[in-house]
Amino acid sequence: MSDSKKFYITTPIYYPSGNPHIGHCYTTLACDLVARMKRMQGYDVMFLTGTDEHGQKIEKKAQEVGVTPKEYVDDIVANFKKLWGRLGITYDRYIRTTDDYHVESVQKIFKELYDRGYIYKSEYKGKYCTPCESFWTESQLVDGKCPDCGRDVTDASEEAYFFKLSEFGPKLKELLLDEDRNFLEPKTRVNEMINNFIDPGLQDLCVSRTSFTWGIPVSFDEKHVVYVWVDALSNYITALGYMNSAYDDFDKYWPADIHVMAKEIVRFHSLIWPALLMALDIPLPKKIYGHGWITFGGGKMSKSSGNVIDPFILADRYGVDALRYHLLREMPFGSDCPYNNEMMFNRINSDLANDLGNLVSRTVAMAVKYFDGTLPAEKEFTDADNDLLAQLDELPAFVAENYESFHIADALERIFKVIARANKYIDENEPWVLAKDEANKPRLAAVLYNLLDAVRRCTILLSPAMPNTAPLIYEQIGAADANTKWEDASVKYSLPADVTVKKGPVLFPRIDVAKELEELDAMSAPKRELPSEPLKDITKFDNFAALDLRAVKVISCERVPKSDKLLKFIVDDGFGERQVLSGIAKYYDPEDLIGKTLAMIVNLEPRKMMGYESNGMIMSVRDGDKFRVVEFPDDIKAGADIS
Ligand code: MSP
């Protein structure tokens, strides 16, 4: 395969600090769509994704749950891979920054940058939280305190290595402003980078730390670990075998055709990454694309109540292709897109059930009804077909161009305009009227053939977005699976003249929006764990009023000999002292209860336990294994009435 026919596309490598959510899906789906199209166009594609597994945050999370960082990330990486499997993501390689070959390469890259004079040792100054053992920058602090624990931070410094990012300002500006290159899309991000970062002056970048250990050790100074971006960004070349022998694809696929990500990490990809590559004398990637965020109630990612957004649940309930289509169709080029289920249901109903689903089922049903499923070879094409055909002819180039430039929503919108046009073509040509007269059969055959061919051509173009649906449609319209090449979408009338259709199941059942929303709401309501004791029957107020409930002060408390349950109290009930027993010896040391102000029912009949008389009942609360006495603050007097 010739060099020009290769295509290398990457997603960011995601942090496995928590499980993947629907926000991670967009980037991966968008890359999958482009990778699939490129393969259909005959390209040798390398589609890379993976996980960015080092760093203090992961070290801490692992500590919290009592496992090693590697064990922690192993679990989450399995979930990332499971989700990508579920969504039909066709990545060619999955890189983990804990993979040995990556570790080896990063150490070599770091050393190389050091040897070339781009990395030097200095001091990192920041705000330090001693209990958390964490450095923070001024902007990360919350009200001047540690963002993790809320405690005071102090000025501190540690020895660290720095990358001379400050040297690259002019070259980076030139790169970003190069009109022919179009390095960074969308264009608005170019100004952001220049105005906010390059023009004010780039700072050298801290690239090593000594305050945590979960990272790649600097090979020539082992108390340092490589800090974040050199480790993470290098994945795009180490995964091809740069400075390691695990793979041998660097010369073949580098430079990358496109790195895709959301806007918050565009800065690292369009400034730090090219600077690192320039320092290493490696060609730059051809393009960086920073899309917007899927937002949930305003933020990049938050749990909005009543909105089940677990991609596994959504894929299971509505189908992988519906979820894929919705995410790809909704996200506008370069800007944010709110997610909510209602929008998804409306989108599925209008585009997939109504427009596409109906076009396929009506067309196939008519071919069965009027021709027993097989069209006659004799057809009468007329000028009335021209508009639909012209729209179909223009479609493949438009879609290819827009998919590739990540104007994916625009491309899908255009395909559905043509699908709507085809539906209108049915109404214009009224096959049910043509069918009434035998003489019209050639015209009727031509109308149905045009419709089947329109479905075929649109389905090819939709297939990177809806890879599971395409074969189902091909089967129904008698196109088998021969139509998987991109260029087939440009070929008019490639179906056999006597094509045979086959009725199939409904492609996209209509969603009852109100009912579905209710069901998802019910699923997302926090599940209550019911108390083990059911509620008792209603009783009269008098029954309550008959009980004398008081605060009492504990004067003494000791274990009852030979009983592992009972504690013996002398309490002051405000009128005098009395003895009371309570079965809480398992939960309290007697000394801890002396002096406490407790709640007690003081007018219960005296009762004997283990030979001691108990005059009343100390009140406590039980919750599973937990058992606590009901306590009042010290300033409540003995004998105070509880109501
Ligand atoms: N590990 C770094 C990236 C290093 S790449 C060399 C990182 N990881 S991340 O887990 O935070 O992933 C961020 C990326 O996930 C975003 O840039 C985007 O691609 C995707 N998304 C995560 N949440 C998202 C949304 N809510 N909306 C859209 N994309 C989002 O940053």
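The values are calculated or read from the model by the stated rules, or taken from the named source; none is laboratory data. Source: prediction; values computed, not measured. Cβ atoms come from the backbone with ideal geometry, glycine included; neighbour counts cover every protein chain shown. SASA here: full protein model, heavy atoms, side chains in, ligands and nucleic acids out. Shrake-Rupley method; radii C 1.70, N 1.55, O 1.52, S 1.80 Å.
Here is how the numbers come out for the structure above:
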read-out	value
Under 5 Å, built H, 5+ apart or other chain: amide partners of M609	S614
Using θ = phi - 60° and Karplus 6.51 cos²θ - 1.76 cosθ + 1.60, couplings along region 186-191 (whole Hz; Gly, Pro as x)	x, 4, 4, 6, 4, 4
Directionally averaged shadow of region 341-490, computed from the convex hull of its alpha-carbon atoms, nm²	9.1 nm²
Calculated FRET efficiency for the pair K125/T188, C-beta based, R₀ 41 Å, to 0.05	0.75
Convex hull projection area averaged over all views, the chain, Cα basis, nm²	42.5 nm²
Value of [θ]222 nm, deg cm²/dmol, for the chain, DSSP H segments ≥ 4, -39500 (n - 2.57) each, nearest 500	-11000 deg cm²/dmol
DSSP bridge orientation in the chain - percent antiparallel, rounded to nearest 5	70 percent
Residue-wise HN-Hα coupling along region 614-625, computed from phi with Karplus coefficients 6.51, -1.76, 1.60 (Hz; x: Gly, Pro)	10, 10, x, 9, 6, 8, 9, 10, 10, 9, x, 7
Out-of-range pairs (alpha-carbon distance over 23 Å; input K81/K485; K57/K287; K536/K626; K562/K596)	K81/K485; K57/K287; K562/K596
Extension reserve of the D248-E577 stretch, reckoned as 0.36 nm per residue once the Cα distance is removed	109.7 nm
Where a label projected 7 Å from the Cα of Q140 along Cα→Cβ would reach, residues of region 193-215 with amide N under 18 Å	203-215
Per-residue SASA entry for C149, accessible area with 1.4 Å probe, Å² rounded to 10	50 Å²
Spin-label model distance (nm) - T500 vs E222, 7 Å beyond Cα toward Cβ	7.2 nm
Value of Rg to Rh for region 551-632 (Rh from inverse mean 1/r over Cα pairs, i.e. Kirkwood)	0.93
Cleavage-rule hits (chymotrypsin sites (Phe, Trp or Tyr not before Pro)) in region 180-221: DSSP loop, at most 14 neighbouring Cβ within 10 angstrom	F220
Spacing of the two label points (7 Å from each Cα toward its C-beta) at V491 and T90, in nm	1.8 nm
Long pairs among K286/K417; K70/K173; K125/K223, criterion Cα-Cα beyond 28 Å	K286/K417; K70/K173
Apportionment of accessible area to carbon and sulfur, the chain, percent (1.4 Å)	50 percent
Region 105-197, Cα convex hull volume normalised per residue, Å³	169 Å³
Amide hydrogen neighbours beyond the local backbone of I95, cut-off 5 Å, H modeled	T49, G50, T51
For L184, residues with placed amide H under 5 Å, excluding near neighbours	I288
3J(HN,Hα) from dihedral phi, region 373-387, Karplus parametrisation 6.51/-1.76/1.60, rounded to Hz, x for glycine, proline	x, 10, 6, x, 5, 6, 9, 10, 8, 9, 5, 5, 8, 4, 5
FRET efficiency, K562 to R628 (Cβ-Cβ, R0 22 Å, nearest 0.05)	0.30
Accessible area per residue, Å², region 541-632 with all protein chains present, probe 1.4 Å	60 Å²
Probe 1.4 Å, protein heavy atoms only - accessible area per residue of region 341-490 in square angstrom	38 Å²
Relative contact order for region 345-443, counting Cα pairs under 8 Å that sit 6 or more residues apart, in percent	36 percent
FRET efficiency, 1/(1 + (r/R0)^6) with R0 56 Å, evaluated for R362 and C132 via beta carbons	0.30
Exposure ranking of C132, C458 by accessible area [1.4 Å probe, largest first]	C132, C458
Model label zone, D180; criterion: amide N under 19 Å from point 7 Å along Cα-to-beta-carbon; scope region 261-299	283-288
Whichever lysines have a C-alpha closer than 23 Å to that of K424, once near sequence neighbours (fewer than 8 apart) are set aside	K369, K379, K436, K441, K492, K502, K503
Mean separation of Cα contacts under 8 Å, 6 or more apart, over the residue count of region 541-632: relative contact order %	27 percent
